[in-house]
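We did not get these values from a lab; they are worked out from the coordinates using the rules stated. These numbers were taken from a predicted model, which means no experiment stands behind them. Neighbour counts are summed over all protein chains in view; Cβ atoms, including those assigned to glycine, are modelled from backbone coordinates with ideal geometry.
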Amino acid sequence: MLKYYDLQLFSEEKTEQPTAKKIRDTREKGQVPQSKDLNGAFSLLAVFAALSFLSDFYVDEIFGFYHFIMNLTEDPIFLYSSQGINQLLQEVLLTILKLSLPPLVVAMIVGVLLSYMQVGVLFTIEPIKPKLNKINPLKGFKNMFSTRSLVELLKSLFKAGLILYVSWTFITSRISEILLTMELETGQIVLIMWDLVFGVVIRSALILFVIAVFDFAFKKWKNKKDIMMTKQEIKDEYKQSEGDPQLKAKIKEKQRAFAMSRMMQEVPKADVVITNPTHYAIAVQYDSNLGDAPRVVAKGQDLVAQNIKRVATENEVPLVENKPLAQGLYKAVDIGDFIPPDFYEAVAEVLAYVYTLKRNA
């Protein structure tokens, strides 16, 4: 007779969807799909939008700093004094802070929001933990010339070339305006230059955004593929979370054996063993110090019943055959429980019979 086996059980191919635990573990390790190009595109666009919105503020600050320098240079003696140098340094630092803080804040907020949209709430230091394999020169050399590094290099060259081409095309289309700046005033020149720069930035950001969308989709697909699991990995994870089935079976077997041993130790203490006579055996003990009703100290079926009767015979515990009572007690009463009121009369008759036998013996 032919037997059929599932050969996939022996396959190491990752054909199974990742479990919730695998997804959670990979997230904790920082292995999540995220496109840096998407953050860069939106951050670049947001920063220049903020600069455009705050253009009046920047013009006022720059001209204010210019007038401060002009006023300071009118008094060379004060300028080269310690007080003048301190005042100049303070003004320079304050101006740099005023001009750089708005775009930095905007870039940080946009970066955090985009990271949250792509990854969600995730805090882990796993990616920055020092690892010995990272300082291995042979592994580092291998990574430099890996397929992934080659793809990243080609992608960077493609982005740089595309942005350069689009920027050059845009600037050359405005070459006539650039040539006219030689005849214009400073304010008009600044406006034209700003318009050119902003146009280049907008086009660069759009290119980065389009590339980033495809890049994020690819990384999401790649990450999902990388965390796929083999059938063996799923089995191993189940064993780790639920325990080895064979080990659990052995533990249960030992527990049953221990419970059986304890139960058999109680049989000699019984007053009577009520039998079926072959299929059931229930050992009953009455002790007024433990309660007002008799108690089942052991019970069993088939082979266990035979062992109970054997131990009872060896310890001179009477065996009384009562099929309905044996079956009823076996089904209704657990080991260690007291006899229910429904069985009081029947059990009392059996105990009375046993006590009579002992008195006449």
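Amide H contacts of GLN301: none lie under 5 Å away among residues 5 or more positions distant or on a separate chain (H built 1.01 Å from N in the peptide plane; Pro and chain starts excluded).
Say R0 is 22 Å: what FRET efficiency, to the nearest 0.05, do ASP287 and GLU314 get from their beta-carbon distance?
Values: r = 21 Å, r/R0 = 0.97.
E(calc), rounded to 0.05, equals 0.55.
Binning the alpha carbon pair distances of segment 247-360 at 5 angstrom intervals from zero yields the distribution 2, 12, 23, 25, 19, 10, 5, 2, 1, 0, 0, expressed in whole percent. A Förster radius of 30 Å combined with the Cβ-Cβ distance from THR278 to ILE251 puts the calculated FRET efficiency at roughly 0.40.
Full extension of the chain between ILE96 and SER261 gives 50.9 nm of extra length, using 0.36 nm per residue less the Cα-Cα distance.
Taking 31 Å as the limit for the C-alpha separation, the pairs LYS22/LYS248; LYS222/LYS250; LYS331/LYS358; LYS14/LYS252 exceed it in the case of LYS222/LYS250; LYS14/LYS252.
Between GLU321 and GLU152, the simple spin-label model (points 7 angstrom out along Cα→Cβ) gives 8.6 nm.
Just the Kirkwood number for segment 170-301, please: inverse of mean 1/r across all distinct Cα pairs, in Å, one decimal.
Working: mean 1/r = 0.0412 Å⁻¹.
With all distinct Cα pairs of segment 170-301 included, I get 24.3 Å.
Length available on full extension from GLN87 to LYS14: 0.36 nm per residue minus the Cα-Cα distance, which gives 19.6 nm.
Net charge of the neighbourhood of ARG295, taken over other residues with C-beta under 9 Å away and scored Lys/Arg +1, Asp/Glu -1, is -2.
Show me the GluC sites (Glu not before Pro) within segment 152-190 that DSSP assigns to loop and that have at most 14 other Cβ atoms within 10 Å of their Cβ.
Details: sites: GLU152, GLU177, GLU183, GLU185; in loops: GLU185.
Here the GluC sites (Glu not before Pro) that fit, given the DSSP loop and packing criteria, are GLU185.
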